[in-house]
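Asker: Once you've had a glance at the structure underneath, I'll fire off some questions.
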Amino acid sequence: NAGVTQTPKFQVLKTGQSMTLQCAQDMNHNSMYWYRQDPGMGLRLIYYSASEGTTDKGEVPNGYNVSRLNKREFSLRLESAAPSQTSVYFCASRDSGRVYEQYFGPGTRLTVT
Amino acid sequence: AQSVAQPEDQVNVAEGNPLTVKCTYSVSGNPYLFWYVQYPNRGLQFLLKYITGDNLVKGSYGFEAEFNKSQTSFHLKKPSALVSDSALYFCAVRDVGNEKLTFGTGTRLTIIP
């Protein structure tokens, strides 16, 4: 049981390049989330998916798109990367039944130059 | 709207002394409250939660937290600090019926040997 996995662990992009961050969970959770973590700002929600086939914006969605490919996988895409998107990105999942806490992946450290 | 405040960026405690990491929250309804810990270059790990019932909740690694509705606080505590408790701690809140989790900015806890 690997929990929540994220790929890649590290990535360097040039301004304007695109990339997709991958996230998968093997806990059969319904809800999945993408956050970014910046120093002094805590974690901010980018997008979330309450169930397969649905996605909703979080606090900071601009510049990002998401796809809930199936129940296991939730990807985050940067179409045209900007230096302001330099951050650590975390994926999380939650069983939307009576389990209230979210479980986090190890993160992707993204640098945009 | 929901929000969380962690008033201390940094808390230093001598090993063996009790520790407290402060958190206050604001929600329009009833809160679900959480504490997470983050070790260097790792994802967030769930410590404990308050959903309903007893105001004192116990969690992993000997941590506990007290829910105080009148003061809208959910402070994290431990009777005797260990050097291995040194990490970044996040408080988070979710309004009942809201899918989104809002995090505080984090408190860096350093235990001094």
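The values are calculated or read from the model by the stated rules, or taken from the named source; none is laboratory data. The structure presented is a predicted model; accordingly, all values stated were derived computationally and were not measured. A quick note on method: Cβ atoms are made from the backbone with ideal geometry, for glycine too, and the neighbour counts reach across all protein chains shown. Heads up: the accessible areas ignore ligands, DNA and RNA and are worked out on the full protein's heavy atoms, side chains in. Shrake-Rupley method; radii C 1.70, N 1.55, O 1.52, S 1.80 Å.
Asker: Name the single residue, out of those in region B:34-61 being away from chain A (no Cβ under 14 Å) and touching a Leu at 6+ places or on another chain (Cβ under 8 Å), that is farthest from residue B:113 (Cα to Cα). Please lay out each step first, then the result.
Answerer: Taking region B:34-61 first, the residues away from chain A (no Cβ under 14 Å) are B:54-56, B:58, B:61.
Add one more test, that the residue is touching a Leu at 6+ places or on another chain (Cβ under 8 Å), and what stays is B:58, B:61.
On the way: B:58: 25, B:61: 18 Å.
Top of the filtered list is B:58.
Asker: All but one of (1) within 12 Å of another protein chain (Cβ to nearest Cβ); (2) open to solvent by 20 Å² or more (accessible area, probe 1.4 Å) hold for residue B:29, so report the exception by its number.
Answerer: Of (1) within 12 Å of another protein chain (Cβ to nearest Cβ); (2) open to solvent by 20 Å² or more (accessible area, probe 1.4 Å), only one is false for residue B:29: (1).
Asker: Which of the residues spanning region B:32-62 are surrounded by 13 or more Cβ atoms within 10 Å (Cβ to Cβ) and of a type in the set (Val, Ile, Thr)?
Answerer: Within region B:32-62, B:37, B:51, B:57 qualify.
Asker: Can you give me the number of residues within region A:80-95 that are within 14 Å of another protein chain (Cβ to nearest Cβ) and open to solvent by 30 Å² or more (accessible area, probe 1.4 Å)?
Answerer: 1
Asker: Kindly provide the set of residues from region A:36-47 that are facing chain B (nearest Cβ under 8 Å) and closer than 14 Å to residue A:105 by Cβ, ordered by number. Before you say what the answer is, go through the steps one by one.
Answerer: The first filter runs over region A:36-47 and keeps only residues facing chain B (nearest Cβ under 8 Å), leaving A:40-45.
If the condition is that a residue be facing chain B (nearest Cβ under 8 Å) and closer than 14 Å to residue A:105 by Cβ, then A:43 is the only one that fits.
Asker: Could you look through region A:97-111, keep only residues that are open to solvent by 10 Å² or more (accessible area, probe 1.4 Å) and closer than 20 Å to residue A:75 by Cβ, and pick out the one that is farthest from the other protein chains (Cβ to nearest Cβ)?
Answerer: Keep residues of region A:97-111 that are open to solvent by 10 Å² or more (accessible area, probe 1.4 Å), which gives A:97-101, A:103-104, A:106, A:109, A:111.
Now restrict to residues that are closer than 20 Å to residue A:75 by Cβ: A:103-104, A:106, A:109, A:111.
Values: A:103: 7, A:104: 4, A:106: 5, A:109: 8, A:111: 15 Å.
Among them, the one singled out is A:111.
Asker: Taking the condition of being within 8 Å of chain A (Cβ to nearest Cβ) and among the acidic types (Asp, Glu), how many residues in region B:90-113 meet it?
Answerer: 1
Asker: Could I ask something else about it? Of a type outside the set (Lys, Arg), over 21 Å from residue B:89 (Cβ atoms) and assigned to a loop (DSSP other than H, G, I, E, B): which single residue out of A:96, A:84 fits that description? Let's see the steps before the verdict.
Answerer: Values: A:84 fails: assigned to a loop (DSSP other than H, G, I, E, B).
That would be A:96, the only listed residue that is of a type outside the set (Lys, Arg), over 21 Å from residue B:89 (Cβ atoms) and assigned to a loop (DSSP other than H, G, I, E, B).
Asker: Only one of A:53, A:42 is surrounded by fewer than 14 Cβ atoms within 10 Å (Cβ to Cβ), at pLDDT below 95 and touching a strand residue (DSSP E or B) at 6+ places or on another chain (Cβ under 8 Å); which? Break it down into steps so the answer makes sense when it comes.
Answerer: Numbers: A:42 fails: surrounded by fewer than 14 Cβ atoms within 10 Å (Cβ to Cβ).
Unique residue meeting the criteria: A:53.
Asker: Could you please find all residues in region A:1-18 being open to solvent by 20 Å² or more (accessible area, probe 1.4 Å) and either within 9 Å of chain B (Cβ to nearest Cβ) or touching a Lys or Arg at 6+ places or on another chain (Cβ under 8 Å) (or both)? Before you say what the answer is, go through the steps one by one.
Answerer: Taking region A:1-18 first, the residues open to solvent by 20 Å² or more (accessible area, probe 1.4 Å) are A:1-2, A:5, A:7-12, A:14-18.
Result: A:9, A:10, A:11, A:18.
Asker: Still on this model: Just one of (1) more than 11 Å from chain B (Cβ to nearest Cβ); (2) farther than 16 Å from residue A:105 by Cα; (3) open to solvent by 30 Å² or more (accessible area, probe 1.4 Å) trips up residue A:27, so point out which.
Answerer: Result: residue A:27 passes all but (2).
Asker: Does residue B:32 satisfy the condition of being modelled with pLDDT of 95 or more, hydroxyl-bearing (Ser, Thr, Tyr) and in a strand (DSSP E or B)? Before you say what the answer is, go through the steps one by one.
Answerer: Working: modelled with pLDDT of 95 or more: no; hydroxyl-bearing (Ser, Thr, Tyr): yes; in a strand (DSSP E or B): yes.
When the stated conditions are applied, residue B:32 does not pass them.
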